[in-house]
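As structure tokens, the structure follows; a few thoughts come after it.
The values are calculated or read from the model by the stated rules, or taken from the named source; none is laboratory data. The model shown is predicted, which means the values in this text are computed figures rather than measured ones. With ideal geometry, Cβ positions are generated from the backbone for all residues, glycine too; neighbour counts draw on all protein chains shown. With ligands, DNA and RNA removed, areas are computed over all heavy atoms of the protein, side chains included. Shrake-Rupley method; radii C 1.70, N 1.55, O 1.52, S 1.80 Å.
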Amino acid sequence: MIQLSGIKKSFHDLEILKSVDLTIEKGEVVVILGPSGSGKTTLLRSINCLNRADDGTVAIGDLRVDLKRPKKHEILALRRKTAMVFQHYNLFHNKTALQNISEALIMVKKLPKKEAEAIAAEYLRQVGLADKADRYPRQLSGGQQQRIGIARALAIDPELLLFDEPTSALDPELVGEVLDVMKAIAGQGRTMLIVTHEISFAKEIASCIVFMDGGVVVEEGPPEEILNRPQNPRTISFLRRLLPEDYSYTI
Ligand SMILES: Nc1ncnc2c1ncn2[C@@H]1O[C@H](COP(=O)(O)OP(=O)(O)OP(=O)(O)O)[C@@H](O)[C@H]1O
Ligand SMILES: [Mg+2]
């Protein structure tokens, strides 16, 4: 089980996360929805210490980290137990597809190069890019680059995969191939925390939908509840803006 408790973060006196709690069971796929600026990215980045939270804890299995004062070895342990897929892929441009994955394994898991490359090749195959191992990111489409980003995260074999709007930088025709890879991963029983605006994908894949606004979790529950029978006026107005023609709630 993964437990986030009391996560708080301010930037320049502005409270962006106001004590966020979230429990994710093993194998669960949790989708976070919420308007721009609601703190979704800040929450994901706080979980693996890409930004330093002002307060809160993350517990993953028997690892429990005080995010306010994480020790160096705890940050490393968190990075082994979580892996992030970024909106803009965040690949090394001067490294090949294979090296992007193997270098992460060498860095995070301290694996020898040969072993890291063998694992990297296997995960490239899993995302359908075995034949692109020697290509550089600039020689690949956005969808292919993001699939490398996903393979890199998977290769770490983390207990929690974090996705921050993995398809929002892609041309519409490339979104499907990335969502398909994510569906396959969910089918393998991986635990995933996904920020996305792809509502129909969320409906299909999520075991739980969390709606965030103004740095708090406003509402959470199974997709059919949150998407079909939202209770909170903020959730209703968000869904209405996102899907004006499908949703006709009255507040
Ligand atoms: N490093 C930073 N320095 C200052 N302010 C920041 C920083 N990172 C985020 N913020 C602010 O925190 C707020 C929440 O940002 P965050 O990126 O977490 O929102 P989000 O929900 O991911 O939004 P979006 O849907 O646009 O990605 C925004 O107002 C943003 O300007
Ligand atoms: Mg964001």
Checklist entry - In this structure, is V20 among the aliphatic types (A, V, I, L, M) and more than 21 Å from A186 (Cα to Cα)? => result yes
Checklist outcome for this item: Restricting the range 40-50 to residues that are more than 12 Å from ligand 2 (Cβ to nearest atom) and over 13 Å from E159 (Cα atoms), the one least open to solvent (accessible area, probe 1.4 Å) turns out to be S46
Next on the checklist: Can you go through I209, I148 and tell me which one is aliphatic (A, V, I, L, M), open to solvent by less than 10 Å² (accessible area, probe 1.4 Å) and closer than 19 Å to A83 by Cβ?
Outcome noted: I148
Checklist outcome for this item: Per the filter on the range 51-64, residues open to solvent by 30 Å² or more (accessible area, probe 1.4 Å) and within 16 Å of ligand 2 (Cβ to nearest atom) are none
Next on the checklist: Considering only residues that are within 12 Å of ligand 2 (Cβ to nearest atom) and surrounded by 21 or more Cβ atoms within 10 Å (Cβ to Cβ), which ones fall in the range 17-39?
Outcome noted: I32, L33, G34, S38, G39
Checklist entry - So K114 clears everything in (1) of a type in the set (K, R); (2) closer than 24 Å to Q3 by Cβ; (3) part of a helix (DSSP H, G or I) except one condition, right? Which one? => result (2)
